[in-house]
Structure formats: C-alpha cells, structure tokens
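Visitor: Before I ask anything, here is the structure I am working with.
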Amino acid sequence: LNGTNRIMLSAVRRLIPAIKPFSLGRLRSSHTKSKSLLKKLKIPSSEVDNLQSYANLKSPSDWYPAARRLNRKVFLHIGPTNSGKTHNALRHFEKASSGVYCGPLRLLAYEQFDRLNSRGLLCSLKTGQQHVEVENAQHLSCTIEMVSLVKEVECAVVDEIQMLGHEERGWAWTRALLGLPANQLHLCGSESALPLVNQLVALTGDSLEVHRYERLSPLVVSRDHVGDGLSSLEKGDCLVVFSRKDIYRLKSLVEKFLPFKCCVV
C-alpha cells in the first residue's frame, strides 16, 4: 500500500472497527469453527449442503429459481435499426395471454404502454418515475431496471439486448436474461450481442433460436442540410445535438416556428 492508501485504510478502520487486514489463517479458522458449530447443533448434512449451495455465488444463473423451473425458449432477434426485429418480437408479446416489455428508456416503455392500450390490449406501465396500474391488465411495459423476476409470464421482450456490455447498466440486461420467468423470452438488438447471449444462455440451459433481419429501407445521406431556420424539417425528423442546453433551445424553436410537437430523449 502507498502512503495515501494507508491513510484511507486507517480512517476506514477507525470508522468500522470490524474491518481487519485479510488473513488466510483466520479465514481457515473461521471455516473450522463454523463446521464445528454445525456439528454441535446436529444439523443434518443435507441441510448443510443446502446452506452451502445457497451461499455459493459462483453460478449467477442459479440465483433465479423461478426462471430455472421453466423450460424457457429464448429467441434472439438481431439486425440493424428499422429491420423489423422488435416489431416481430412484439407480435408474440401481443398474442400472449400475459407478458412484459422491458425497454432501456421510459419514453420507449410509455410508447408501448400507450400503443397497446389504444388498440384495446390492457397494459400497465412501470418506470422509475411513473407507475400506472390498469385494472385487469395481464401485460406490463416497463424500464429494464423495474422488471419483476418473480411474476411468471407467457412472453417477455427485452429490447436493446446489446446493452449487456454497458459498464454502468449492463447488470440490468444480464439480470433480465438470466432471471425473467417467461416461457418465451425474446431478445432484440444488434449482432454484437450474439457471443455474450450464447454464453449466458449456455449457463441457463435454455434453448436459443437466432433470427436475423435486414434493413427494410436503405439508409442514405441527404445532400441537403438543415438550414439555420429549420424550415426544411419534416414530421418525424430527429435532431441530434450534444448538450442539454442545445436540446431545449432547438425544442423551443421547433415548437415556436413549426407546426410540430417535439419530444426530448
């Protein structure tokens, strides 16, 4: 340890007296004492084995018994933007007797919530900012962090599965893939997710079926640029800017001078 780290460790030890330098000898001693205590309590060896299996964190797929009880079918829909992959997954979601859609953004969760209810399919909404319980609804649209890993559903759709590799939010997609108790699990995303999905599904023992999609319409770069007055904007266009200040400035200009409503993502 360098000088700075020693000072920090010393401060932490004063705050939490229980923290002591790691000692392999003490660890072995504690293990021996624990085994001795279990013998004195006359706990059956089968119960000891169960306790040890519960405490074993080496196999994350075993943390989700509700999902492991099911013979899940995993469908991976991969392709570029505007290829129909999510659309096809949602068709299964809508036909199912119960289901959950997990999106990366509350705006996407709300979009599915609004779309389904407008079509007469009852659907609730759950995000970090908003909970809407629709009476008798068997479908739920939520942000990925809010999904339940206890309630069993017929069909689950996990959008943007390539977020598995995200340093800060990847845990939520990993948790959903390993633990969603759904008979059908539809994962939507880019080709880059395939190697990691293969590895995780191998851990769960579920079957995996891969569907690949091509872009439905060509992506071309326009030769014309958006003028300073934004007059060439059309309905459905997306403005990509790089600061919060500019986002709200452009939103204000669009709604002031053009007959469009503008949302912020």
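The values are calculated or read from the model by the stated rules, or taken from the named source; none is laboratory data. These figures come from a predicted structure and were not determined experimentally. Backbone-built Cβ (ideal geometry, glycine too); neighbour counts: all protein chains shown. All accessible areas refer to the heavy atoms of the entire protein, side chains included, with ligands and DNA or RNA removed. Shrake-Rupley method; radii C 1.70, N 1.55, O 1.52, S 1.80 Å.
Visitor: Does the stretch 223-235 contain any residue that is charged (D, E, K, R) and assigned to a helix (DSSP H, G or I)? Working first, answer last.
Guide: We begin by selecting, within the stretch 223-235, every residue charged (D, E, K, R); these are 223-224, 228, 234-235.
Now restrict to residues that are assigned to a helix (DSSP H, G or I): none.
No, the stretch 223-235 contains no residue that is charged (D, E, K, R) and assigned to a helix (DSSP H, G or I).
Visitor: Could you say which residue among Leu178, Leu200, Leu208, Leu194 is among the aliphatic types (A, V, I, L, M) and not in a helix (DSSP H, G or I)?
Guide: Selected residue: Leu208, the only one of Leu178, Leu200, Leu208, Leu194 that is among the aliphatic types (A, V, I, L, M) and not in a helix (DSSP H, G or I).
Visitor: Here's something else I'd like to know. Pull up the stretch 70-119, narrow it to residues that are over 16 Å from Ile161 (Cβ atoms), touching a strand residue (DSSP E or B) at 6+ places or on another chain (Cβ under 7 Å) and in contact (Cβ under 8 Å) with a residue 60 or more places away in the chain, then point me to the one that is most open to solvent (accessible area, probe 1.4 Å).
Guide: Checking each candidate, the answer is Leu70.
Visitor: State which residue is modelled with the lowest pLDDT when the search covers only the stretch 203-239 and only residues that are surrounded by fewer than 10 Cβ atoms within 10 Å (Cβ to Cβ) and small (Gly, Ala, Ser).
Guide: Only one residue tops the list, namely Gly227.
Visitor: For Val147, indicate whether it is in contact with a Lys or Arg (Cβ under 9 Å, 6 or more places away or on another chain), open to solvent by less than 10 Å² (accessible area, probe 1.4 Å) and hydrophobic (A, V, I, L, M, F, W, C).
Guide: Yes; evaluated as a whole, the condition is true for this residue.
Visitor: How many residues, within the stretch 122-139, are outside any loop (DSSP other than H, G, I, E, B), closer than 12 Å to Arg106 by Cβ and of a type outside the set (A, V, I, L, M)?
Guide: Going through the stretch 122-139, the residues outside any loop (DSSP other than H, G, I, E, B) turn out to be 123-126, 131-132, 139.
Restricting the remaining residues to those that are closer than 12 Å to Arg106 by Cβ gives 125-126, 131-132.
Those left that are additionally of a type outside the set (A, V, I, L, M): 126, 131.
Qualifying residue count for the region: 2.
Visitor: Here's a follow-up. Do we find that Val157 is of a type in the set (Val, Ile, Thr), open to solvent by less than 60 Å² (accessible area, probe 1.4 Å) and closer than 20 Å to Ser83 by Cβ in this structure?
Guide: Yes.
Visitor: Taking the stated definitions as given, is Cys142 without any contact (Cβ under 8 Å) to a residue 60 or more places away in the chain and assigned to a strand (DSSP E or B)?
Guide: Criteria met by Cys142.
Visitor: Scan the stretch 149-168 and report the pairs whose first residue is free of Cβ contacts under 8 Å to residues at least 40 places away in the same chain and whose second residue is open to solvent by 60 Å² or more (accessible area, probe 1.4 Å) and not in a loop (DSSP other than H, G, I, E, B), with Cβ atoms within less than 8 Å and a gap of 6+ or a chain change.
Guide: Gln162/Ser192; Leu164/Leu196; Gly165/Ser192; Gly165/Leu196
Visitor: I'd like to check something: does the stretch 161-179 contain any residue that is open to solvent by less than 80 Å² (accessible area, probe 1.4 Å), closer than 13 Å to Ile78 by Cα and of a type in the set (S, T, N, Q)?
Guide: Yes: one or more hits.
Visitor: A further question follows. Give just the number: which of (1) free of Cβ contacts under 8 Å to residues at least 40 places away in the same chain; (2) open to solvent by 50 Å² or more (accessible area, probe 1.4 Å); (3) not charged (D, E, K, R) does Thr127 not satisfy?
Guide: Looking at each condition in turn, Thr127 falls short on (2).
Visitor: Ala156 fails exactly one of the following numbered conditions: (1) at pLDDT 95 or above; (2) part of a helix (DSSP H, G or I). What is the number of that condition?
Guide: The single condition Ala156 does not satisfy is (2).
Visitor: Criterion first (at pLDDT 95 or above, under 20 Å from the mean Cα position of the chain (by Cα) and over 17 Å from Arg169 (Cβ atoms)) does Gly103 satisfy it?
Guide: Answer is no for this residue.
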